[in-house]
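K.L.:
One structure, pasted below without further comment.
The values are calculated or read from the model by the stated rules, or taken from the named source; none is laboratory data. Quick caveat: nothing in here was measured; it's all calculated off a predicted structure. Please note: Cβ atoms are built from the backbone with ideal geometry, for glycine as well, and neighbour counts cover all protein chains shown.
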2 protein chains.
Amino acid sequence: MQTPHKIAVVGSGLVGTLLAIYLKRAGHTVDVYDRSPDIRTVEFSGRSINLVMSNRGWKALEDVGLAEEIRKIGIPVDKRGIHLQDGTLNYQAYGKEGEAIFSLSRGILNRKMVDLAEKEGVNFFFEHKIWDVNLATATLFEGDSEQGNWTELKYDKVFGADGAFSRIRHRMQRQSMFDYSQEFMKIGYKELYIPANADGSAKIDINSLHIWPRGNFMLMGLANLDNSFTCTLFMPIEGENSFAKIKDEASLVTFFDKYFPDTKEVIPDLVRDFFKNPTSYLAIMKCFPWTYEDKVALIGDSSHAIVPFYGQGMNAGFEDITILSEMMQKYGDDWKTIFKEYEISRKPNADAIAELSLRNFIEMSDLTADANFILQKKIEKWFSDKHPEKWMPLYSRVTFSLQPYSEALAIGDFQNEIMQEVLQMENIEQLWDSKEVENKILELLQD
Amino acid sequence: MQTPHKIAVVGSGLVGTLLAIYLKRAGHTVDVYDRSPDIRTVEFSGRSINLVMSNRGWKALEDVGLAEEIRKIGIPVDKRGIHLQDGTLNYQAYGKEGEAIFSLSRGILNRKMVDLAEKEGVNFFFEHKIWDVNLATATLFEGDSEQGNWTELKYDKVFGADGAFSRIRHRMQRQSMFDYSQEFMKIGYKELYIPANADGSAKIDINSLHIWPRGNFMLMGLANLDNSFTCTLFMPIEGENSFAKIKDEASLVTFFDKYFPDTKEVIPDLVRDFFKNPTSYLAIMKCFPWTYEDKVALIGDSSHAIVPFYGQGMNAGFEDITILSEMMQKYGDDWKTIFKEYEISRKPNADAIAELSLRNFIEMSDLTADANFILQKKIEKWFSDKHPEKWMPLYSRVTFSLQPYSEALAIGDFQNEIMQEVLQMENIEQLWDSKEVENKILELLQD
């Protein structure tokens with residue numbers, strides 16, 4: 001057991017609340033600050049991609065006995081549903097029989113997590129704006145406005161779980177030897193909505209992640225508990241098919257008629273939603289170090305904001321907590337070592353999932369409609385079923401295993417090189433499940 | 001002529017003062033703000049690598065008739081003086097006969113530039129701290145402290161020439177779609193000093209940039225007007241030979257005796273200077289965009305801080321001014337286009353000189369002592385003398401031409417590929433100036 005400390009967590013999002021539960025269980029006094037009102041008291045804003053929970057997220061919840069509680073508000077999703085432009089709908093399984101990711105509403109999940117944290121005895125201070133931090137003394141500065149009067153809040157430790165635009169990281173950034181980058185994608189996104197049928201049934205399969213891949217843009221949809229779907233249109237901000245080009249109702253309808261004809265019946269309020277909902281942006285944030293002495297640590301998006309295309313943002317943040325917790329158990333009261341080992345362990349994995357997530361936009365929006373890519377996936381699945389100990393597809397490593405992301409990335413690249421050679425084989429379309437292909441892969445695995 | 005505007009320049013460094021002169025000449029009212037006292041009234045801090053001015057810097061000064069004035073306070077440097085560990089001293093010419101860079105003291109140059117700007121009618125406000133800017137209205141916020149009361153200063157345009165840790169960029173960074181990165185090198189630096197002899201003569205050649213290359217660390221020296229030398233030790237912050245390892249007088253003297261034996265006589269106050277002078281850090285800052293509408297623009301280090309190993313930091317900043325001025329002449333009162341074209345023109349060149357400067361650390365600290373590299377330089381010089389229209393060495397493109405940095409980088413990479421092939425030729429050490437080598441290069445240039 002650690003010596004009890006007074007700990008502040010800045011941010012009451014998913015990572016902040018779960019971290020607070022872990023710290024409380026470890027015997028500390030935990031105060032969580034958030035600039036926003038209590039999420040349980042507000043309407044949702046309609047500006048959040050639905051989340052998917054996969055193995056890394058479940059692991060962090062299971063370790064504190066919360067997985068069952070959360071599983072009740074999720075919907076298992078075991079495949080992609082690929083909607084081609086000609087109306088064809090194909091399904092691609094994500095993993096083996098029985099493997100699934102879980103679709104969750106960010107808002108519903110976050111409310112649940114605050115409830116659970118409160119039950120544990122975590123103290124929440126909503127509508128408390130943290131503007132700055134003294135890193136050396138773990139003192140927070142709180143007030144109504146950036147230029148107004150601030151109250152000093154002294155803690156033993158401070159965690160910055162305050163997201164991609166973290167104020168805690170903002171202070172760290174102004175130190176010497178702090179590496180930091182923020183990079184915005186040239187792609188924006190907008191939420192759309194597929195309601196349930198009048199009888200409460202779903203218009204499309206709820207156990208699929210639906211994708212309408214169209215090259216450099218795509219629509220995707222994930223089911224909600226009420227059989228409606230939250231959809232997200234990802235599209236370049238400027239250029240040929242872009243948000244800039246869709247200026248009015250006519251251009252919107254023409255665009256959807258051309259590229260997403262099969263959505264006409266399922267998205268009734270397209271025009272209203274498109275022009276009412278904001279266009280949001282996607283950024284990748286990286287930094288190092290993540291901690292300051294034994295006083296301050298960043299966790300989740302504040303230290304590694306990624307793009308959403310692998311569905312790993314929350315999972316990576318929850319895995320931060322798993323690793324931090326392991327270090328707390330290993331190093332007891334030596335917080336300097338806990339923080340140092342935590343950041344050294346997590347940084348290469350955060351970089352790897354950032355890279356994998358970026359690459360997955362191309363996979364989702366373009367490759368899922370590509371015959372060669374579909375064949376590659378088919379061969380991988382076939383070979384993996386035959387030799388499960390020799391081949392786990394990259395998606396499964398990332399999603400259904402706890403293998404460090406950096407290893408998954410490296411092995412995935414190696415496997416991809418092998419598959420590129422295999423796809424060069426003559427008549428591979430016909431011979432894909434032959435002994436010859438099997439031997440070729442086995443041989444390439446030896447190299 | 002442009003419509004006169006009220007323009008604020010934040011930062012009275014080299015780029016800020018020269019920009020102010022250009023803007024004043026163009027008919028504007030120009031106020032320069034700096035948080036520091038007037039540099040003409042303070043002692044220098046002993047924390048600045050000497051500068052070198054080369055063609056791009058001279059071009060910007062010549063266009064406003066200031067080059068002659070500045071040339072008087074510089075020392076021409078036409079070669080590297082390479083001090084090997086065994087005491088051998090070799091010289092490597094920088095360019096052709098008559099080509100030289102100019103060594104300048106940052107402090108003396110900056111004082112001169114403030115004098116010149118004041119003479120032009122630029123208004124200076126020293127010890128005025130700018131904490132924030134409203135980008136949409138070009139309003140500066142000035143005050144004694146970040147949390148104190150601020151005065152609003154309304155302008156038509158604001159230029160952020162406030163260096164690597166720019167407050168103006170800091171505000172821009174908090175916008176959506178603003179890309180930004182800061183990366184610190186694992187190498188630090190410290191100033192040392194070679195005084196002149198008692199009779200006023202110099203201890204080593206003043207027309208050379210002296211380098212003591214030792215692999216992953218090096219010492220360098222540039223002459224001052226009084227025949228003393230400002231030296232800089234560049235060395236890893238941690239590791240085998242590092243600042244972390246030199247903890248006391250004994251370890252310092254042992255280290256210098258081993259690696260820099262020929263400096264014993266010329267750096268008399270090594271111990272005092274080493275422990276008195278701070279260890280400084282090197283960072284690379286990149287961002288985009290550099291401007292906001294027709295209101296705010298970044299210039300110099302605030303938009304592209306680079307490492308000093310190519311001696312191009314100030315030159316790149318001065319070239320920003322040349323290009324901005326060209327755009328002002330081309331687009332008149334259309335400042336939105338001026339700013340847009342300025343940033344589009346400069347960004348790839350700023351990225352290129354950032355890359356070239358980083359690579360040049362390896363060239364200076366390691367390759368200058370490498371026989372293969374010396375041979376390559378010799379062949380390039382020989383071939384370039386024979387075929388000046390076919391080959392200009394990369395260093396000359398960067399230093400003695402006005403070719404855009406991005407082109408210099410691309411052509412330099414192409415030339416280097418050719419040289420790597422040439423160095424593979426049998427007996428190249430003997431045949432380096434043969435017809436065979438000449439023909440080989442001519443042939444490779446055709447590809």
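K.L.:
Of the residues B:LYS96, B:LYS129, which single one is in contact (Cβ under 8 Å) with a residue 60 or more places away in the chain and within 30 Å of B:ALA371 (Cβ to Cβ)? Spell out the reasoning first.
P.N.:
Numbers: B:LYS129 fails: within 30 Å of B:ALA371 (Cβ to Cβ).
Residue meeting the stated conditions: B:LYS96.
K.L.:
Next up: Tell me which residues, restricted to segment B:281-306, are over 18 Å from the mean Cα position of the chain (by Cα) and more than 14 Å from chain A (Cβ to nearest Cβ).
P.N.:
B:TRP290, B:THR291, B:TYR292, B:GLU293, B:ASP294, B:LYS295, B:VAL296, B:ALA297 - these are the residues of segment B:281-306 that are over 18 Å from the mean Cα position of the chain (by Cα) and more than 14 Å from chain A (Cβ to nearest Cβ).
K.L.:
Can you tell me which condition A:LEU192 does not meet? The list is (1) within 14 Å of chain B (Cβ to nearest Cβ); (2) more than 27 Å from B:HIS304 (Cβ to Cβ), and all the others hold.
P.N.:
(1)
K.L.:
Looking only at segment B:332-362, count every residue that is crowded, with 22+ Cβ neighbours inside 10 Å, β-branched (Val, Ile, Thr) and more than 10 Å from B:TYR405 (Cβ to Cβ) and tell me the total.
P.N.:
1
K.L.:
Now a separate question. For A:ASP205, state whether it is over 20 Å from B:SER176 (Cβ atoms), in the same structural domain as A:SER36 (by TED's automatic domain parsing), in contact (Cβ under 8 Å) with a residue 12 or more places away in the chain and surrounded by fewer than 21 Cβ atoms within 10 Å (Cβ to Cβ). Write out each step before concluding.
P.N.:
On the way: over 20 Å from B:SER176 (Cβ atoms): yes; in the same structural domain as A:SER36 (by TED's automatic domain parsing): no; in contact (Cβ under 8 Å) with a residue 12 or more places away in the chain: yes; surrounded by fewer than 21 Cβ atoms within 10 Å (Cβ to Cβ): yes.
In short, no.
K.L.:
Additional query: Being in contact with a strand residue (DSSP E or B) (Cβ under 6 Å, 6 or more places away or on another chain), surrounded by fewer than 19 Cβ atoms within 10 Å (Cβ to Cβ) and part of a loop (DSSP other than H, G, I, E, B) is the filter here, so list the residues in segment B:247-285 that pass it.
P.N.:
Scanning segment B:247-285 gives B:ASN277, B:THR279.
K.L.:
Now, a different point. Would you check which residues across segment B:179-189 are of a type in the set (Phe, Trp, Tyr) and either within 12 Å of chain A (Cβ to nearest Cβ) or farther than 24 Å from B:PHE318 by Cβ (or both) and list them?
P.N.:
From segment B:179-189, those of a type in the set (Phe, Trp, Tyr) are B:180, B:184, B:189; that's our starting set.
Within segment B:179-189, B:TYR180, B:PHE184 meet the criteria.
K.L.:
Would you please list the contacts, defined by Cβ atoms under 6 Å and residues six or more apart or on different chains, that run from a residue in segment A:260-273 that is among the hydrophobic types (A, V, I, L, M, F, W, C) to a residue that is surrounded by fewer than 17 Cβ atoms within 10 Å (Cβ to Cβ) and not in a loop (DSSP other than H, G, I, E, B)?
P.N.:
As it stands, the answer is A:VAL271/A:GLU249, since those pairs meet every condition given.
K.L.:
Would you check if there is a residue in segment A:140-148 being farther than 30 Å from B:GLU152 by Cα and out of contact with any Cys (no Cβ under 8 Å at 6 or more places or on another chain)? It would help to see each step written out before you state the result.
P.N.:
Filtering segment A:140-148 for residues farther than 30 Å from B:GLU152 by Cα gives none.
Checked segment A:140-148: no residue is farther than 30 Å from B:GLU152 by Cα and out of contact with any Cys (no Cβ under 8 Å at 6 or more places or on another chain).
K.L.:
Somewhere in segment B:109-125, is a residue touching a Pro at 6+ places or on another chain (Cβ under 9 Å) and in contact (Cβ under 8 Å) with a residue 24 or more places away in the chain?
P.N.:
Filtering segment B:109-125 for residues touching a Pro at 6+ places or on another chain (Cβ under 9 Å) gives none.
For segment B:109-125, residues touching a Pro at 6+ places or on another chain (Cβ under 9 Å) and in contact (Cβ under 8 Å) with a residue 24 or more places away in the chain: absent.
K.L.:
Further question on the same structure: Go through segment A:352-405 residue by residue and tally those that are of a type in the set (Phe, Trp, Tyr) and within 25 Å of A:ILE323 (Cα to Cα). Explain how you work it out, then say what you get.
P.N.:
Taking segment A:352-405 and keeping what is of a type in the set (Phe, Trp, Tyr), we get A:361, A:373, A:382-383, A:391, A:395, A:400, A:405.
Those left that are additionally within 25 Å of A:ILE323 (Cα to Cα): A:395, A:400, A:405.
The total comes to 3.
K.L.:
Considering only segment B:68-108, state which residues are among the acidic types (Asp, Glu) and either surrounded by 15 or more Cβ atoms within 10 Å (Cβ to Cβ) or in a helix (DSSP H, G or I) (or both). Let's see the steps before the verdict.
P.N.:
Here is the first cut: in segment B:68-108, the residues among the acidic types (Asp, Glu) are B:68-69, B:78, B:86, B:97, B:99.
Passing the criteria: B:GLU68, B:GLU69, B:ASP78, B:GLU99.
K.L.:
Here's another thing I want to ask about it. Within segment B:224-241, work out how many residues are away from chain A (no Cβ under 14 Å) and surrounded by 15 or more Cβ atoms within 10 Å (Cβ to Cβ). Walk me through it before giving the result.
P.N.:
Within segment B:224-241, the subset away from chain A (no Cβ under 14 Å) is B:224-235, B:239-241.
Still in the list and also surrounded by 15 or more Cβ atoms within 10 Å (Cβ to Cβ): B:224, B:227-235, B:241.
Residues in segment B:224-241 being away from chain A (no Cβ under 14 Å) and surrounded by 15 or more Cβ atoms within 10 Å (Cβ to Cβ): 11 in total.
K.L.:
Right, something else. Would you tally the residues in segment A:132-178 being facing chain B (nearest Cβ under 10 Å), in a loop (DSSP other than H, G, I, E, B) and buried (at least 18 other Cβ atoms within 10 Å of the Cβ)?
P.N.:
2
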